[in-house]
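These notes concern the structure reproduced below.
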Amino acid sequence: MATTMTPASPSATTPTHVGPTDLLARYRPGSSSFFASPGGQALLGEGVAAVLPAWATGASRAERVAALLDDAAHSGHPDAVAIGALPFDEDLPARIVVPAFVRRGPTAQLTGPAGAVRPITAGAVSLRPVTSHEGFVASVAQAVEELGRGDLRKVVLSRALQLTASAPIDPATLLRNLIRSEPSAYTFAIDLPRAVSRADEGYPARPTRTLLGASPELLLRRRGSRVETSPLAGSAPRHPDPREDERRGRALAESAKDLGEHAVVVEAIGDALGPLCSELSVPAQPSLVRTGTMWHLGTEITGCLRDDLSSLQVALALHPTPAICGTPTGAAREAIARLEPYRRDFYTGLVGWTDAAGDGEWAVTIRCAHVEESGVRVYAGAGIMADSDPRSELEETAAKARTLLRAMGIDAEPEFSA
């Protein structure tokens, strides 16, 4: 069932290709949607022609998004694209809009030289863990015990950090810092509905906030009948010394624990994509993937769809993968709900876009933060296996959190800064 919409006039919705400076300069938190693909295009959506109803849940979301795009195309919108984010839990509201106006520019020109990090606020800032470090270590130890009993094969546990400033935070500056510091990531800024997490999280009751991030992980790209996914699982922190950094990369590639963790993810994605594809290519061994702060094990899986499924339909068939949830999925979700002191909200959900033809890109919503007024909540997680060391998993989350912390002008958490 389509939602009634009144798009802007065709002349106002003509897609525009602009220079990178113009694209970033036009981004406005509260009225814009932004998604940039490494080596591809950046999309800036301005205004709202239509929006996915908050009550749409589960697989019906893809059908309703397709109906919105079909309505937009038939109403004269020359570049109907849906941009937005879906949460980790299916019962929470998504935020997907068909922008009234779409602008595009090459991502490669957006990144440019890293340069200095611009201040995201004029105020003083403080940083605290939402869960204590010892609390996270205890949760991981509990998960390891349960994994040892055979109830789970893998579970991903996260923790959160809360930054509070004495003056408002500028999401546009944080977005620019992320683009410049993580040029190989899927960078995004999406307006969100009111906070849906537990009241003790401390979010102000405001109608909108911003989801910002620089994800290294592609969940699904569709171009015609061809689909691609690049799961990441198995990680190690980078090191400033080149020799030590390379050693850590080699050690990750040989780590039995990390190779086992990665194999679980690749197996699950292959099982999910297999029935949907007439051809499927799954490399036998992962490759090393590097970001500004982490080494990852990654596998590039490609396939050819049997049926005309949209990028969002296929992405929802894959989500949540064991890379951000665990396996078996039901048992992992139950453990996450029991061991994490908050609902994840949009962290480890999906973020991206799809067009009227069904093509699109969806990244896994990691290396991300929720920004609201003078607060930023940063999330980081780790894949827990039966042989995981709780302290090492804590250190891994600290390294992953540095992607956002550095973009905010903070080198690391105080406990991990030495």
Give, in nm to one decimal, the length gained when the segment between Ala251 and Asp387 is fully stretched (0.36 nm per residue of separation minus the Cα-Cα distance).
47.3 nm
What residue among Met385, Val314, Gln142 has its Cα farthest toward the positive end of the dipole of the chain, where the charges are +1 on Lys, Arg and -1 on Asp, Glu, each on the Cβ?
Val314
For labels at Ser184 and Ser60 in the simple 7 Å Cα→Cβ model, what's the distance in nm?
4.2
Given the options Ala72, Ala369, Ala56, state which has the largest fluctuation in a GNM of the chain using a 10 Å cut-off (strictly under) for Cα springs.
Ala56
In nm, to one decimal, how far is the Asp70 label point from the Arg333 one, both placed 7 Å along Cα→Cβ?
2.7
Which of the GluC sites (Glu not before Pro) found in segment 270-345 are loop residues per DSSP with 10 or fewer other Cβ atoms within 10 Å of their Cβ?
none
With +1 on the Cβ of every Lys and Arg and -1 on the Cβ of every Asp and Glu, and nothing else charged, how large is the dipole of the chain about its Cα centre, in debye rounded to the nearest 20?
840
In which sequence would Ser184, Ser287 go, from the one with the fewest C-beta neighbours within 10 Å to the one with the most?
Ser287, Ser184
Run the quick spin-label model on Gln109 and Ala284: label points 7 Å from Cα toward the beta carbon, then report their separation in nm to one decimal.
4.4
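Summing -39500 (n - 2.57) over the DSSP H runs of n ≥ 4 in the chain and dividing by its residue number, what mean residue ellipticity at 222 nm do you reach, to the nearest 500 deg cm²/dmol?
On the way: 10 runs with 122 residues, N = 418.
Counting only the DSSP helices, I get -9000 deg cm²/dmol.
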Could you tell me the center-to-center distance, by alpha carbons, between segment 270-335 and segment 209-250 in angstrom?
13
In the neighbourhood of Ala66 defined by beta carbon distances under 14 Å, the net charge of the other residues (Lys, Arg +1; Asp, Glu -1) is -4
Using 0.36 nm per residue, how much length does the chain from Ala317 to Ala116 gain when fully extended, once their Cα-Cα distance is taken away?
68.3 nm
Pull out the extension gain between Ala263 and Asp241, defined as 0.36 nm times the separation in residues minus the alpha carbon to alpha carbon distance; nm, one decimal.
5.0 nm
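Lys and Arg at +1, Asp and Glu at -1: add these up for the other residues within a Cβ distance under 9 Å of Leu163 and post the number.
Cβ neighbours under 9 Å give a net charge of +2.
Where a number appears in this text, it was derived from the coordinates with a stated rule and is not lab data. In this text the structure is predicted, and so the values were computed from the model without any measurement. For neighbour counting, all protein chains shown are included, and Cβ atoms are generated from backbone atoms with ideal geometry for every residue, glycine included.
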